[in-house]
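Below is one structure, written out as structure tokens, with a few remarks after it.
What follows draws every value from the coordinates through simple rules; no lab data is involved. Predicted, not measured: the structure shown is a model, and the values here were computed from it. Note that we place each Cβ from the backbone using ideal geometry, even for glycine, and neighbour counts take in every protein chain shown.
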Amino acid sequence: MAKADGKMKRFFIGALIWLAILSYIALYWYAAAEHKQARRELVDLKARQRLAQERRDNTARWEREMRQQRLLRQYNQGRVIGADGRPMN
């Protein structure tokens, strides 16, 4: 009986060690996958922010160009705009 108890004890200890190893591997894979997903989300967020900034810059540039064209048209029509925004003759 003592030999059987010793074999059972070794078997359960071996099973616990394998269970611990497999649990560690599964936890490592899970953490690696979470880290990879977080990196992807960060890259996506940065890309969205960069795109939003480019759109704001483009809108501001377009507004400046439209304002300059409007002022140029008014200048070419012979009207000079005063400080208060009214045409001066």
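With θ set to phi - 60° and the Karplus curve 6.51 cos²θ - 1.76 cosθ + 1.60, what are the ³J(HN,Hα) couplings of the stretch 6-18 in order, to the nearest whole Hz, using x for Gly and Pro?
Couplings: x, 5, 5, 5, 4, 4, 5, 5, x, 5, 5, 5, 5 Hz.
Mind putting a number on the dipole of the stretch 1-48 about its Cα centre? Charges go on the C-beta only, +1 for Lys and Arg and -1 for Asp and Glu, and I need it in Debye to the nearest 20. Could you put the intermediate results ahead of the total?
Working: 9 positive and 4 negative charges, 27 e Å.
The dipole of the stretch 1-48 has a size of about 140 debye.
What is the distance, in nm, between label points placed 7 Å from the Cα along the Cα-to-Cβ direction at Arg39 and at Met8?
With each label point 7 Å from Cα toward Cβ, the separation is 4.9 nm.
Could you estimate the translational diffusion coefficient of the stretch 1-82 from the Stokes-Einstein equation, with Rh from the Kirkwood formula over C-alpha pairs, at 37 °C and 0.692 mPa s, in whole µm²/s? Write down the numbers at each step before the final one.
Values: Rh = 19.5 Å.
Stokes-Einstein gives a translational diffusion coefficient of 168 µm²/s.
Which whole-Hz couplings ³J(HN,Hα) result when phi for each residue of the stretch 28-45 is put into the Karplus expression 6.51 cos²θ - 1.76 cosθ + 1.60, θ = phi - 60°, listed in order with x for Gly and Pro?
In residue order, the calculated couplings are 4, 4, 5, 5, 5, 5, 5, 5, 4, 5, 5, 4, 4, 5, 5, 4, 5, 4 Hz.
Read phi for every residue in the stretch 55-70 and hand back ³J(HN,Hα) as whole Hz from Karplus 6.51 cos²θ - 1.76 cosθ + 1.60, θ = phi - 60°, with x for Gly and Pro.
Per-residue couplings from phi come out as 5, 4, 4, 5, 5, 4, 5, 5, 5, 4, 5, 5, 5, 5, 5, 5 Hz.
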